[in-house]
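Heads up, the thing below is written out as structure tokens.
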Amino acid sequence: MRLSSLKIGPMKIDRAAAVLLAGALVAIASPASADKIKHPTAVFAGLDKITGRIISFDVAIDETVQFGTLQITPRACYTRPATEAPLTDGFVEAEEMISPTETKKLFAGWMFAASPGLHGIEHPVYDAWLTDCKGGKEVIADPTPARLDDPADVVTPPPPKPGTQPRPRRRETAPPAREVRPSLPPGQETMSEPQVLAPPPPRPSQNRSGPPGLIPPGDIPFDNRR
């Protein structure tokens, strides 16, 4: 049976290829699950570059093992469930022992068993990389993001009935401000009200007539003018 072809302009794409392409696009667009299994033991491979000998050794999490002059300490080791793509990774710290009391940090980061060349252990004689994790069954689920509310789930108030007016909202008045008064001296219970001072009495009028020949000011009565 011959599969028909799809014509897109001058190009022809087989239906089988189109189905595979659509499946790949769906797989890429769908969010990947990050569920992982936590293990208590990490498995490493060590290489002696001088002799060419490779050995395998197990290290418990947070335990330090010395390989040559390298001190390797795994902090975490994870694999993926059988229903997902295989992936083995772990967080590892590696130091070089210079003297019995002095060490030099060479690497601290994630190692991937499928890509041993990605880690950064640089040593002229020894090398080590992660190969596997074992001993664990605890599955750590990937935290799913919070789901956005569906517009259909949002409850809206019903519209007012015809011929009725919406009830006005009640305005809340702020409480009156509290008055703060200064403290009174002992023995005085109430504060005296401020007193209104009376205006001073008018000054008596004086005879401003001057010596003969002077003209008195205009504010002096005419009878006193001489």
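Side notes on the structure shown:
- Qualifying residue in the range 109-120 (condition: part of a loop (DSSP other than H, G, I, E, B), within 20 Å of I140 (Cα to Cα) and at pLDDT below 95): yes
- Listed conditions (1) at pLDDT below 95; (2) within 43 Å of the chain's Cα centre (by Cα); (3) in a strand (DSSP E or B) are all met by K12, apart from (2).
The values are calculated or read from the model by the stated rules, or taken from the named source; none is laboratory data. For clarity, every value in this text was computed on a predicted model and none was experimentally measured.
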